[in-house]
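A quick write-up on the structure given underneath.
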């Protein structure tokens with residue numbers, strides 16, 4: 001499958017592969033039904049030097065992928081979980097092959113979601129004195145209520161997004 005160039009996707013792949021980020025994203029996805037693409041979009045907007053998202057910009061980003069996520073991504077993800085948890089009588093070799101195919105479909109569906117987000121963006125870029133604070137402000141829109149578990153996961157994701165910033169400085173405004 002051939003996708004168009006998307007700096008947001010490139011960023012997400014790089015960050016998702018950094019230590020702890022995958023697990024932190026999945027923890028937020030499982031415990032709070034977080035759209036990981038929207039989470040990474042909030043971070044990416046900060047990293048690229050965009051002003052903090054307004055409520056309207058955040059809502060537009062959410063709406064850009066909401067139906068796709070609910071109707072395409074979530075069913076693929078749910079099929080993976082059901083295969084593992086519900087259909088233990090299916091031969092392991094067949095389960096493994098189906099799971100690999102579903103993971104491949106999920107990655108492609110996530111890529112489409114990120115393309116939709118990228119195309120819908122209306123970010124305002126500025127000379128960013130503190131991109132980290134902007135990313136943290138964006139994440140507050142996604143998580144208006146943050147307990148310690150959420151904060152810990154968000155800090156892990158932010159560390160992946162801002163690897164050159166001292167870890168002690170990350171998450172101060174969350």
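General remarks:
- For the chain, adding -39500 (n - 2.57) for each run of n ≥ 4 DSSP H residues and dividing by the number of residues yields -21500 deg cm²/dmol at 222 nm.
- Rel. contact order, % - alpha carbon contacts under 8 angstrom, at least six apart, segment 38-174: 43 percent
- Helix 21-32 and the longest principal axis of the C-alpha atoms of the chain enclose an angle of approximately 80°.
- Segment 1-67 shape via C-alpha gyration tensor axes, a/c threshold 1.5: rounded
- Computed Rg/Rh of segment 64-151, alpha carbon atoms with Kirkwood Rh: 1.13
- Nearest 10 degrees, 0 to 90: helix 148-161 Cα axis against the chain principal axis: 80 degrees
- Each of residue 166 and residue 22 was given a label point 7 Å from its Cα along the Cα-to-Cβ line. The distance between the two points is 3.1 nm.
- For the options 13, 73, 112, a Gaussian network treatment of the chain with springs between C-alpha atoms closer than 10 Å singles out 13 as fluctuating the most.
- Contour minus Cα-Cα distance for residue 56 and residue 97 (0.36 nm per residue): 10.5 nm
- Using the Cβ-Cβ distance between residue 5 and residue 133 with R0 set to 30 Å, the FRET efficiency from 1/(1 + (r/R0)^6) comes to roughly 0.55.
- Amide N proximity, segment 45-72 versus residue 13 label position 7 Å along Cα-to-Cβ, cut-off under 20 Å: 45, 47-48
- Cα gyration tensor shape of segment 127-174, rounded if a/c is under 1.5, else prolate or oblate by comparing a/b with b/c: oblate
Each reported figure results from applying straightforward, stated rules to the coordinates on display, with no laboratory input. Predicted, not measured: the structure shown is a model, and the values here were computed from it. Note that we place each Cβ from the backbone using ideal geometry, even for glycine, and neighbour counts take in every protein chain shown.
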